[in-house]
Amino acid sequence: MQNILNLYSNRGIVVLMGDMNVNLLESAEHQKISGRKSYFLNFLHENNLVSLNTLEDCKGAKSSFVSYDNSCESLIDHILLPCDKLYYVCDCEIIDNDCLNVSRHRPIFCGIRAPEYQQHPYYSNDLGINWKKVTCDLANEFKTCLNSNEVLQNIEHCDINTKVDIDNVLSNMTNEVKSTALQCFPEKQFKHFLKPYWSDQLNTLHKDMRQKRADWLICGRPRGIESSAYNIYKNAKRLFRKKHRHAIDEYFRKKVDEIDKCAEVDSSLFWRLVNGRRKQSASAPGAEMNFNGKLASSPQEITDEWANYFKELYTPTVSTKFDEEHKRDISNRLHCINDSLAISESPVISAEEVQSAVRLGKKGKAAGEDGISYEHMQYGGEILFRILAKLFTAMIKLSYAPINMKKGIIITLFKGGNKRKDDPENYRAITLSS
């Protein structure tokens, strides 16, 4: 159950239902000598879960199982829900008598309401280009298309004299580069697997366990330590489950460490993990966040509250520990830099300098909000280098950075552990710039 909870908790509310074989009635004496109840209670405590049919609001019978001789009643069937999601529960009832029930277990009815979510388009700067399959012929075709592009040719021969010109040049160039790349390069085709942690070892152990189970079935399903077939099957099953749990834990550990250690990772892997999380949590019930007592449940509300959260976080405030002397020192240095720039002539950036810088860029890195990666510029050729050199020279001359270059994507990553997932303080922000 812990593995299931870890696997699906990021997708919304996880409801665990079934015969847990753990009696939570205080009158059950057999549970006092068994450790099963203590394991179950620890599981509930560590995951902040509660059994709905043990609450006072649960109607009907107090027990969910009656022995065949009617001598013993117990509460071993449970519906588990997170404690902080109880407001979703409408009602709960253990039905005492039902003509359709032929089991010794009593039916448990539970009504859970969930808000209706509308699918909102989530942002992705991934243009669907498979850079690993780009050949020399495709790169040359891309370069040829850019050289013959009328918009880029007009940009190359026009003058950039105002700040508005800088914004327009960057926007037009970005759009033409991305649209041309989509026409020339192959698209990505992701393959999503239900069990990405699966390995050859698990496959071998699983087949061995199935074979041992088949042998046990042929023997007539004997039980007890006297049966060798039963013991062999149980040992094979125990080994497979142990390796299976270890593989899941190792997969999630590597997944978190890989994102946590660096903000710039492989583009396909980064966006597959991050967007996968965002898609799962954006439309799933229970993916709400608590911002200073205000509960946000819909994707739009969560997005707006995150915007307010980071706006407040990054807004300068008055602090008694603020270093005024350091502020004056930095201000004086900035004034000296501005004075020196005003006296000297503005430097001119050459296309060769841009090309040299672009060539140093590593492939496979995540792009920013503009969707332009190093591959776009490296395969673009000389016309892009000349336009970028012209653009950078105008930026320095006018002391102006385009608006689109100031935009970034903030990705929130859960810090992990036993922290609350609805608390924004328990998330780490990573910003991808242009």
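Right, Pro424: open to solvent by less than 20 Å² (accessible area, probe 1.4 Å) and more than 22 Å from Leu138 (Cβ to Cβ) or not? It is true that Pro424 is open to solvent by less than 20 Å² (accessible area, probe 1.4 Å) and more than 22 Å from Leu138 (Cβ to Cβ). Taking Gly368 as the residue in question, decide whether it is open to solvent by less than 30 Å² (accessible area, probe 1.4 Å), out of contact with any Phe, Trp or Tyr (no Cβ under 9 Å at 6 or more places or on another chain) and small (Gly, Ala, Ser). When the stated conditions are applied, Gly368 passes them.
Going by what's in this entry, would Lys207 be described as closer than 24 Å to Asn6 by Cα and either of a type outside the set (Asp, Glu) or more than 42 Å from the chain's Cα centre (by Cα) (or both)? Against the criterion (closer than 24 Å to Asn6 by Cα and either of a type outside the set (Asp, Glu) or more than 42 Å from the chain's Cα centre (by Cα) (or both)), Lys207 does not qualify. Quick test of your reading of the structure: Glu369 fulfils all but one of (1) under 24 Å from Asn140 (Cβ atoms); (2) part of a loop (DSSP other than H, G, I, E, B). Name the failing condition by number. Failed condition: (1). Restricting the stretch 332-364 to residues that are among the charged types (D, E, K, R) and within 18 Å of Ala139 (Cα to Cα), the residue that is most open to solvent (accessible area, probe 1.4 Å) is Lys362. Restricting the first member to the stretch 136-147 and to residues that are farther than 14 Å from Leu384 by Cα, and the second to residues that are of a type outside the set (Phe, Trp, Tyr), the beta-carbon pairs closer than 7 Å and six or more apart or on different chains are Leu138/Cys184; Glu141/Cys184.
Specify the residue that is modelled with the lowest pLDDT; the eligible residues are those in the stretch 161-194 that are more than 16 Å from Ile387 (Cβ to Cβ) and charged (D, E, K, R). Per the criteria, the residue is Lys191.
For the stretch 1-12, a residue qualifies if it is at pLDDT below 80 and open to solvent by less than 80 Å² (accessible area, probe 1.4 Å), and the qualifying residues are Asn6, Leu7, Ser9, Asn10, Gly12.
Quick one: which helices (runs of 4 or more DSSP H) sit completely within the stretch 150-246 and have at least 3 residues that are of a type in the set (Val, Ile, Thr) and open to solvent by less than 40 Å² (accessible area, probe 1.4 Å)?
Once the helices (runs of 4 or more DSSP H) in the stretch 150-246 are filtered for at least 3 residues that are of a type in the set (Val, Ile, Thr) and open to solvent by less than 40 Å² (accessible area, probe 1.4 Å), what remains is 163-184.
Taking each residue of the stretch 383-403 that is over 14 Å from Pro347 (Cα atoms) and open to solvent by 10 Å² or more (accessible area, probe 1.4 Å) and looking for partners that are in a helix (DSSP H, G or I) and hydrophobic (A, V, I, L, M, F, W, C) with beta-carbon atoms closer than 7 Å, six or more apart or interchain, yields Arg386/Ala351; Leu388/Val354; Tyr400/Ile166; Ala401/Met395.
Does Leu75 count as at pLDDT 85 or above, of a type outside the set (Val, Ile, Thr) and more than 33 Å from the chain's Cα centre (by Cα)? Considered against the rule, which asks whether it is at pLDDT 85 or above, of a type outside the set (Val, Ile, Thr) and more than 33 Å from the chain's Cα centre (by Cα), Leu75 comes out as yes.
Filter the stretch 316-330 for residues that are open to solvent by 100 Å² or more (accessible area, probe 1.4 Å) and assigned to a loop (DSSP other than H, G, I, E, B) and give the result. Once the filter is applied, which keeps residues that are open to solvent by 100 Å² or more (accessible area, probe 1.4 Å) and assigned to a loop (DSSP other than H, G, I, E, B), the stretch 316-330 yields Pro316, Thr317, Val318, Thr320, Lys321, Phe322. So is Ile343 out of contact with any Ser or Thr (no Cβ under 7 Å at 6 or more places or on another chain), farther than 30 Å from Asn172 by Cβ and at pLDDT below 90 or not? In short, yes. For the stretch 291-309, taking the residues that are touching a Phe, Trp or Tyr at 6+ places or on another chain (Cβ under 7 Å) and modelled with pLDDT of 85 or more, the one that is most open to solvent (accessible area, probe 1.4 Å) is identified as Tyr309. Of all the criteria given as (1) surrounded by 13 or more Cβ atoms within 10 Å (Cβ to Cβ); (2) modelled with pLDDT of 85 or more; (3) more than 30 Å from Glu382 (Cβ to Cβ), the one not satisfied by Leu313 is (1).
The values are calculated or read from the model by the stated rules, or taken from the named source; none is laboratory data. All values reported here derive from a predicted model rather than from experimental measurement. For neighbour counting, all protein chains shown are included, and Cβ atoms are generated from backbone atoms with ideal geometry for every residue, glycine included. Ligands, DNA and RNA are stripped out before the accessible areas are found, and what is left, the full protein with its side chains, is counted by its heavy atoms. Shrake-Rupley method; radii C 1.70, N 1.55, O 1.52, S 1.80 Å.
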